Amino acid sequence: MIIHELTVAECEGLLARSTVGRLACADDGQPYIVPISYAFDQAAGCLYGFSTLGRKIEWMRRNPKVCVAVDETADRFRWTSVVVTGRYEELGDDRDARESRQRLHQHFEQRQSWWLPATARLAAGEERETPVFYRIRIDQLSGRQTSRPA
Ligand SMILES: Cc1cc2nc3c(=O)[nH]c(=O)nc-3n(C[C@H](O)[C@H](O)[C@H](O)COP(=O)(O)OP(=O)(O)OC[C@H]3O[C@@H](n4cnc5c(N)ncnc54)[C@H](O)[C@@H]3O)c2cc1C
(Lines give C-alpha, C1' and ligand atoms only; values in the text may rest on other atoms or scores of the structure.)
Protein backbone atom coordinates (compact mmCIF):
# COMPACT_ATOMS: atom_id res chain seq x y z
CA MET A 1 0.00 0.00 0.00
CA ILE A 2 1.27 3.43 -0.92
CA ILE A 3 0.04 6.66 0.62
CA HIS A 4 0.19 9.79 -1.48
CA GLU A 5 -0.78 13.38 -0.95
CA LEU A 6 -3.81 14.97 -2.55
CA THR A 7 -3.80 18.23 -4.45
CA VAL A 8 -5.93 21.08 -3.14
CA ALA A 9 -8.46 20.34 -5.91
CA GLU A 10 -8.66 16.69 -4.82
CA CYS A 11 -9.11 17.74 -1.19
CA GLU A 12 -11.93 20.06 -2.24
CA GLY A 13 -13.50 17.22 -4.24
CA LEU A 14 -13.74 15.06 -1.12
CA LEU A 15 -15.13 17.94 0.97
CA ALA A 16 -17.79 18.52 -1.70
CA ARG A 17 -18.79 14.82 -1.93
CA SER A 18 -19.00 14.25 1.81
CA THR A 19 -21.49 15.61 4.30
CA VAL A 20 -20.16 14.39 7.65
CA GLY A 21 -16.89 15.24 9.34
CA ARG A 22 -15.28 15.20 12.77
CA LEU A 23 -14.96 18.63 14.29
CA ALA A 24 -12.19 19.12 16.83
CA CYS A 25 -11.91 22.11 19.12
CA ALA A 26 -9.90 22.73 22.25
CA ASP A 27 -10.25 24.64 25.47
CA ASP A 28 -7.64 25.13 28.14
CA GLY A 29 -5.46 22.44 26.55
CA GLN A 30 -8.24 19.84 26.42
CA PRO A 31 -9.27 18.62 22.91
CA TYR A 32 -12.90 17.71 22.15
CA ILE A 33 -14.13 16.04 18.96
CA VAL A 34 -17.65 15.31 17.69
CA PRO A 35 -19.20 14.21 14.42
CA ILE A 36 -21.01 17.00 12.58
CA SER A 37 -22.84 17.53 9.31
CA TYR A 38 -21.45 20.23 7.10
CA ALA A 39 -21.79 21.79 3.66
CA PHE A 40 -18.72 22.89 1.72
CA ASP A 41 -18.84 26.24 -0.06
CA GLN A 42 -15.87 26.18 -2.42
CA ALA A 43 -16.33 29.73 -3.68
CA ALA A 44 -16.36 31.11 -0.13
CA GLY A 45 -13.62 28.77 1.11
CA CYS A 46 -15.60 27.60 4.11
CA LEU A 47 -17.64 24.82 5.68
CA TYR A 48 -21.11 25.66 6.96
CA GLY A 49 -22.76 24.00 9.93
CA PHE A 50 -25.41 24.46 12.58
CA SER A 51 -25.85 23.33 16.14
CA THR A 52 -27.70 23.78 19.37
CA LEU A 53 -25.85 25.41 22.24
CA GLY A 54 -23.60 22.99 24.01
CA ARG A 55 -20.01 22.22 24.78
CA LYS A 56 -18.57 22.56 21.27
CA ILE A 57 -20.20 25.96 20.68
CA GLU A 58 -19.09 27.23 24.09
CA TRP A 59 -15.55 26.03 23.45
CA MET A 60 -15.35 27.42 19.89
CA ARG A 61 -16.57 30.78 21.13
CA ARG A 62 -13.67 30.81 23.57
CA ASN A 63 -11.14 29.43 21.09
CA PRO A 64 -12.13 29.68 17.39
CA LYS A 65 -9.17 27.63 16.13
CA VAL A 66 -10.64 24.32 14.93
CA CYS A 67 -9.82 21.28 12.87
CA VAL A 68 -12.16 19.12 10.78
CA ALA A 69 -11.36 15.64 9.46
CA VAL A 70 -13.35 14.07 6.63
CA ASP A 71 -12.73 10.64 5.18
CA GLU A 72 -13.96 8.05 2.72
CA THR A 73 -13.01 4.58 3.86
CA ALA A 74 -13.69 1.47 1.77
CA ASP A 75 -11.48 -0.71 3.96
CA ARG A 76 -8.24 -0.24 5.87
CA PHE A 77 -6.24 -0.38 2.65
CA ARG A 78 -8.44 1.96 0.61
CA TRP A 79 -9.18 5.33 2.09
CA THR A 80 -8.98 9.02 1.38
CA SER A 81 -8.90 11.62 4.08
CA VAL A 82 -8.74 15.38 4.31
CA VAL A 83 -7.79 17.52 7.28
CA VAL A 84 -8.96 21.13 7.42
CA THR A 85 -7.63 23.69 9.84
CA GLY A 86 -9.60 26.87 10.16
CA ARG A 87 -11.45 29.41 12.23
CA TYR A 88 -14.94 29.20 13.68
CA GLU A 89 -17.20 32.16 12.94
CA GLU A 90 -20.78 32.49 14.06
CA LEU A 91 -23.25 33.79 11.52
CA GLY A 92 -25.08 36.59 13.22
CA ASP A 93 -27.39 39.16 11.74
CA ASP A 94 -25.13 41.54 9.86
CA ARG A 95 -25.36 41.71 6.06
CA ASP A 96 -22.38 39.47 5.31
CA ALA A 97 -23.60 36.86 7.81
CA ARG A 98 -27.14 36.96 6.38
CA GLU A 99 -25.78 36.17 2.91
CA SER A 100 -23.75 33.31 4.33
CA ARG A 101 -26.83 31.97 6.14
CA GLN A 102 -28.70 31.99 2.84
CA ARG A 103 -25.88 30.06 1.20
CA LEU A 104 -25.84 27.63 4.11
CA HIS A 105 -29.58 27.00 3.69
CA GLN A 106 -29.20 26.55 -0.06
CA HIS A 107 -26.45 23.98 0.47
CA PHE A 108 -28.35 21.99 3.09
CA GLU A 109 -31.64 22.14 1.21
CA GLN A 110 -30.06 20.37 -1.77
CA ARG A 111 -29.78 17.25 0.34
CA GLN A 112 -32.54 14.67 0.32
CA SER A 113 -32.30 14.00 4.01
CA TRP A 114 -30.33 16.36 6.17
CA TRP A 115 -29.61 16.04 9.78
CA LEU A 116 -31.60 18.45 11.87
CA PRO A 117 -30.40 18.18 15.44
CA ALA A 118 -30.37 21.90 15.88
CA THR A 119 -34.02 22.32 15.03
CA ALA A 120 -35.33 19.12 16.65
CA ARG A 121 -38.16 19.66 19.10
CA LEU A 122 -37.14 19.46 22.73
CA ALA A 123 -39.13 17.48 25.28
CA ALA A 124 -42.81 18.45 25.52
CA GLY A 125 -43.38 21.80 27.11
CA GLU A 126 -39.85 23.04 26.55
CA GLU A 127 -39.12 25.83 24.15
CA ARG A 128 -37.34 25.09 20.92
CA GLU A 129 -33.76 26.25 21.17
CA THR A 130 -32.55 28.66 18.51
CA PRO A 131 -29.89 26.96 16.42
CA VAL A 132 -26.47 28.48 16.06
CA PHE A 133 -25.38 28.85 12.42
CA TYR A 134 -21.67 28.99 11.80
CA ARG A 135 -18.96 28.72 9.21
CA ILE A 136 -15.45 27.43 9.43
CA ARG A 137 -13.14 29.56 7.32
CA ILE A 138 -10.58 27.23 5.81
CA ASP A 139 -6.98 28.29 6.44
CA GLN A 140 -5.25 25.11 5.39
CA LEU A 141 -6.13 21.83 3.69
CA SER A 142 -4.21 18.59 3.43
CA GLY A 143 -5.24 15.25 2.02
CA ARG A 144 -3.90 11.72 1.79
CA GLN A 145 -5.03 8.69 -0.14
CA THR A 146 -3.94 5.08 -0.35
CA SER A 147 -3.25 3.22 -3.53
CA ARG A 148 -1.99 -0.27 -4.19
CA PRO A 149 1.31 -0.70 -6.00
CA ALA A 150 0.86 -1.88 -9.62
C1 LIG B 1 -23.53 11.57 11.70
C2 LIG B 1 -23.75 12.67 12.72
C3 LIG B 1 -23.99 13.96 12.31
C4 LIG B 1 -24.18 14.97 13.25
N5 LIG B 1 -24.41 16.25 12.81
C6 LIG B 1 -24.54 17.24 13.72
C7 LIG B 1 -24.71 18.60 13.30
O8 LIG B 1 -24.74 18.93 12.11
N9 LIG B 1 -24.85 19.55 14.26
C10 LIG B 1 -24.84 19.24 15.59
O11 LIG B 1 -24.97 20.14 16.41
N12 LIG B 1 -24.67 17.99 16.01
C13 LIG B 1 -24.53 16.97 15.11
N14 LIG B 1 -24.36 15.68 15.54
C15 LIG B 1 -24.35 15.43 16.99
C16 LIG B 1 -23.00 15.85 17.56
O17 LIG B 1 -22.03 14.85 17.31
C18 LIG B 1 -23.07 16.10 19.07
O19 LIG B 1 -23.50 14.93 19.72
C20 LIG B 1 -24.04 17.21 19.44
O21 LIG B 1 -23.88 18.31 18.56
C22 LIG B 1 -23.82 17.69 20.86
O23 LIG B 1 -22.54 18.23 20.97
P24 LIG B 1 -22.24 19.26 22.16
O25 LIG B 1 -20.78 19.56 22.17
O26 LIG B 1 -23.18 20.41 22.09
O27 LIG B 1 -22.53 18.32 23.40
P28 LIG B 1 -23.32 18.62 24.75
O29 LIG B 1 -24.78 18.41 24.50
O30 LIG B 1 -22.89 19.93 25.34
O31 LIG B 1 -22.81 17.43 25.64
C32 LIG B 1 -21.46 17.32 26.05
C33 LIG B 1 -21.24 15.94 26.61
O34 LIG B 1 -21.80 14.94 25.78
C35 LIG B 1 -20.81 14.12 25.18
N36 LIG B 1 -21.14 14.02 23.74
C37 LIG B 1 -21.60 15.01 22.94
N38 LIG B 1 -21.79 14.57 21.69
C39 LIG B 1 -21.42 13.27 21.70
C40 LIG B 1 -21.39 12.28 20.69
N41 LIG B 1 -21.75 12.53 19.40
N42 LIG B 1 -20.96 11.04 21.04
C43 LIG B 1 -20.58 10.78 22.31
N44 LIG B 1 -20.60 11.68 23.30
C45 LIG B 1 -21.01 12.92 22.99
C46 LIG B 1 -19.49 14.83 25.43
O47 LIG B 1 -18.40 13.98 25.53
C48 LIG B 1 -19.78 15.58 26.71
O49 LIG B 1 -19.61 14.71 27.82
C50 LIG B 1 -24.15 14.67 14.64
C51 LIG B 1 -23.90 13.38 15.04
C52 LIG B 1 -23.70 12.38 14.12
C53 LIG B 1 -23.40 10.97 14.59
Test for Thr73: is it of a type outside the set (A, V, I, L, M), away from the ligand (no atom under 11 Å from the Cβ) and open to solvent by 60 Å² or more (accessible area, probe 1.4 Å): yes
Condition broken by Arg95, with the remaining ones in (1) over 26 Å from Gln110 (Cα atoms); (2) open to solvent by 70 Å² or more (accessible area, probe 1.4 Å); (3) of a type outside the set (Ser, Thr, Tyr) satisfied: (1)
Residue list for the range 8-26, restricted to those being not charged (D, E, K, R) and not in a strand (DSSP E or B): Val8, Ala9, Cys11, Gly13, Leu14, Leu15, Ala16, Ser18, Thr19
Filter result for the condition that a residue is away from the ligand (no atom under 11 Å from the Cβ), touching a Leu at 6+ places or on another chain (Cβ under 8 Å), among the aliphatic types (A, V, I, L, M) and open to solvent by less than 90 Å² (accessible area, probe 1.4 Å), over Val34, Val83: Val83
The listed residue being in contact (Cβ under 8 Å) with a residue 24 or more places away in the chain and more than 16 Å from Trp79 (Cα to Cα), out of Leu6, Leu23, Leu14: Leu23
Residue match in the range 89-107 (condition: assigned to a strand (DSSP E or B), in contact with a Ser or Thr (Cβ under 7 Å, 6 or more places away or on another chain) and modelled with pLDDT under 95): no
Residues being modelled with pLDDT of 95 or more and of a type in the set (Phe, Trp, Tyr) - total across the range 49-79: 2
Counted residues, the range 37-70 - those being closer than 19 Å to Thr7 by Cβ and open to solvent by 60 Å² or more (accessible area, probe 1.4 Å): 2
Count of the range 46-70 residues which are in contact with a Phe, Trp or Tyr (Cβ under 6 Å, 6 or more places away or on another chain) and assigned to a strand (DSSP E or B): 4
Some residue of the range 37-46 being more than 19 Å from Arg17 (Cα to Cα) and either within 16 Å of the ligand (Cβ to nearest atom) or at pLDDT 80 or above (or both): no
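The values are calculated or read from the model by the stated rules, or taken from the named source; none is laboratory data. In this text, all values refer to a predicted model and were calculated from it rather than measured experimentally. Don't worry about glycine lacking a Cβ; one is built from the backbone with ideal geometry, like all the others, and counts go over all protein chains shown. Calculation scope for accessible area: heavy atoms of the full protein, side chains included, ligands and nucleic acids excluded. Shrake-Rupley method; radii C 1.70, N 1.55, O 1.52, S 1.80 Å.
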